[in-house]
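The values are calculated or read from the model by the stated rules, or taken from the named source; none is laboratory data. As the structure is a prediction and not an experimental result, all values here were calculated from the model. FYI the Cβ positions are ideal-geometry reconstructions off the backbone, even for glycines, and counts take in every protein chain you see. The protein model used for the area step is the full one, side chains on, heavy atoms only, and it has no ligands, DNA or RNA in it. Shrake-Rupley method; radii C 1.70, N 1.55, O 1.52, S 1.80 Å.
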Amino acid sequence: LQYYEMSYGLNIEMHKQAEIVKRLNGICAQVLPYLSQEHQQQVLGAIERAKQVTAPELNSIIRQQLQAHQLSQLQALALPLTPLPVGLQPPSLPAVSAGTGLLSLSALGSQAHLSKEDKNGHD
């Protein structure tokens with residue numbers, strides 16, 4: 001019974017994700033013609049790279065984001081409780097967001113592209 005409940009839940013989640021992908025693809029298709037030729041090529045390259053992301057790569061990105069988020073939480077807890085002098089800002093890390101995830105994915109794509117070129121150059 002528990003297996004079927006988990007299977008059903010996973011199936012529902014996969015359908016949700018498929019719907020999100022479909023909607024995002026539609027948005028990209030609508031926005032793409034308004035971009036410059038150079039940006040269109042960049043977006044198309046990023047989309048193609050996103051289609052090729054493997055599960056281990058995705059897990060690695062998620063793990064990095066979780067670690068960054070945990071680090072920022074620990075840093076927030078370590079801040080002194082006494083008021084800071086006027087004009088002094090506490091140190092902070094950038095917030096982890098969907099945008100950061102996309103940037104990570106984009107960076108991952110360019111790293112993978114570079115590593116493929118490296119391998120081709122050394123063979």
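Annotations for the structure displayed:
- Modelled FRET efficiency - R0 41 Å, Leu35 with Asn11, Cβ distances, 0.05 increments: 0.70
- Derived from the Cα gyration tensor, the three semi-axes of the equivalent ellipsoid of region 1-56 are 33, 13, 4 Å, largest first.
- With 0.36 nm allotted per residue and the present C-alpha distance subtracted, the Glu48-Val21 stretch has 8.4 nm of extension available.
- Area accessible to solvent at His39, 1.4 Å probe radius, in Å²: 90 Å²
- Annotation: Val43 carries an accessible surface of approximately 40 Å², with a 1.4 Å probe and no ligand, DNA or RNA atoms counted.
- Order of exposure, largest accessible area first, which applies to Leu77, Leu66, Leu35 with probe 1.4 Å: Leu77, Leu66, Leu35
- Gained length - Asn59 relative to Gln2, 0.36 nm times residue gap less alpha-carbon distance: 18.0 nm
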